[in-house]
Every structure is written in structure tokens, then in C-alpha cells.
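Participant: Dropping a structure here in C-alpha cells format, bear with me for questions.
The values are calculated or read from the model by the stated rules, or taken from the named source; none is laboratory data. These numbers come from a predicted model, not from an experiment. Cβ placement follows ideal geometry from the backbone for every residue including glycine, while neighbour counts extend to all protein chains displayed.
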Amino acid sequence: MANSSKQYVVGLRQIRKELKKDNLSVIIVAEDADRHYHEQLARLAAEYGVPLSVRGTKRSIAANFGIDVESAGVGVLKQQ
């Protein structure tokens, strides 16, 4: 999902992958995200020392990032 044209990754698997490479500046999780999903992202953010921002709904996050489907979590890539 991460490529030269996108400045973010979507979903737990991609967020974890980019955290391991130290490529994320912040993780955004939707206010209406499932509790278990939110807890997983919070643990990863703490483990890797990346800020976690809880804001918006899954629908508003998708709209803001131009994602075609609702998204509960987005990782914003560091500026290269």
C-alpha cells in the first residue's frame, strides 16, 4: 500500500510493517473503531514510540485520505 504517491498506509498489517521500518510519524484511529482494534494500535504506538491520534469516524478518515472504503486506522508516513 505504501508507494511513492501515497503518504499513508491503511490497516493493521500495513501499519505494523511500516512501524518496523521506522517509517510512520503518527497513527490515526477512528473514534468509532472496534475496541480491540483500537487497543492493538495503541499498543503498537506505545511500543514504537509513535503518537496515536484518536479522531473522526471511519467514514471521515476515509474521506480525508481519499480511501474508497471506511478505515478505522491509518498510519501517516514520515516525510522523506
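Participant: I'd like the full set of residues that are at pLDDT 95 or above and basic (Lys, Arg), limited to the stretch 1-54.
Facilitator: Arg13, Arg16, Lys17, Lys20, Lys21, Arg35, Arg43
Participant: Do you know which residues across the stretch 17-34 are in a helix (DSSP H, G or I) and buried (at least 17 other Cβ atoms within 10 Å of the Cβ)?
Facilitator: Result: Glu18, Leu19.
Participant: Is it fair to say Tyr37 is surrounded by 14 or more Cβ atoms within 10 Å (Cβ to Cβ), among the hydroxyl-bearing types (Ser, Thr, Tyr), within 13 Å of the chain's Cα centre (by Cα) and under 11 Å from Leu77 (Cα atoms)?
Facilitator: Taking the combined requirement at face value, the residue does not satisfy it.
Participant: Please find, within the stretch 64-80, the residue that is nearest to the chain's Cα centre (by Cα) out of those that are surrounded by fewer than 21 Cβ atoms within 10 Å (Cβ to Cβ) and closer than 16 Å to Val50 by Cβ.
Facilitator: Looking at residues that are surrounded by fewer than 21 Cβ atoms within 10 Å (Cβ to Cβ) and closer than 16 Å to Val50 by Cβ, I get Val76.
Participant: From the list Gln40, Gln14, exactly one residue is touching a helix residue (DSSP H, G or I) at 6+ places or on another chain (Cβ under 7 Å) and either in contact (Cβ under 8 Å) with a residue 24 or more places away in the chain or part of a helix (DSSP H, G or I) (or both). Which is it?
Facilitator: Gln40
Participant: As an exercise: evaluate Ala45 against (1) of a type in the set (Gly, Ala, Ser); (2) out of contact with any helix residue (DSSP H, G or I) (no Cβ under 7 Å at 6 or more places or on another chain); (3) not in a helix (DSSP H, G or I) and give the number of the one condition it does not meet.
Facilitator: Among (1) of a type in the set (Gly, Ala, Ser); (2) out of contact with any helix residue (DSSP H, G or I) (no Cβ under 7 Å at 6 or more places or on another chain); (3) not in a helix (DSSP H, G or I), Ala45 violates only (3).
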